[in-house]
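Down below is the structure, laid out as C-alpha cells.
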Amino acid sequence: MQTTQAMKLVRKQFLISPSQVKKLNRLARDEGTSVAEMVRVAIDSYNPDTAAISDLDAPELIELVSKSLKEAISSTKKANRTVDKALKKLSKGIL
C-alpha cells in the first residue's frame with residue numbers, strides 16, 4: 001500500500017454517529033495513527049463477499065457451515081465413487 005505522502009488524496013465528508021466518532025478516535029489512538037488513516041485502511045480492507053457472513057448470528061452461521069459441509073461431503077462421496085470406478089477399470093486393464 002502506498003504511503004499517504006505518495007497518494008493523491010481527495011477530501012470527502014461523511015456523516016457518522018457520535019459513537020462511531022468515539023470508536024474511530026479510540027482505534028486511531030490505540031494504533032498510533034490518524035482517524036483519516038484508519039478510515040483509509042478500513043476502506044482498503046473491506047471485502048463485500050465476506051461482509052455478509054460477518055453480519056450473521058451464531059445460528060445462521062452454524063446453518064451456513066452445516067449446509068456447506070453437507071455439500072462438501074456429498075461432492076467428496078461422488079468424487080470417491082468416480083475414483084473407485086476408475087481404479088477398478090485400471091485393475092482390470094480396461095483403461
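What follows draws every value from the coordinates through simple rules; no lab data is involved. As the structure is a computational prediction, the values presented were derived from the model and not from experiment. In this analysis, Cβ positions are derived from the backbone assuming ideal geometry, glycine residues included, and neighbour counts consider all displayed protein chains.
Table for the structure above
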{"read-out": "Separation in nanometres of the label points that stand 7 Å from Cα toward Cβ, at GLU60 and LYS92", "value": "5.1 nm"}
{"read-out": "Option label - log10 I(q)/I(0) by the Debye sum over Cα atoms at q = 0.11, 0.18, 0.19 Å⁻¹ computed here, alternatives (1) -0.74, -0.99, -1.02; (2) -0.63, -0.99, -1.04; (3) -0.51, -0.89, -0.95", "value": "(2)"}
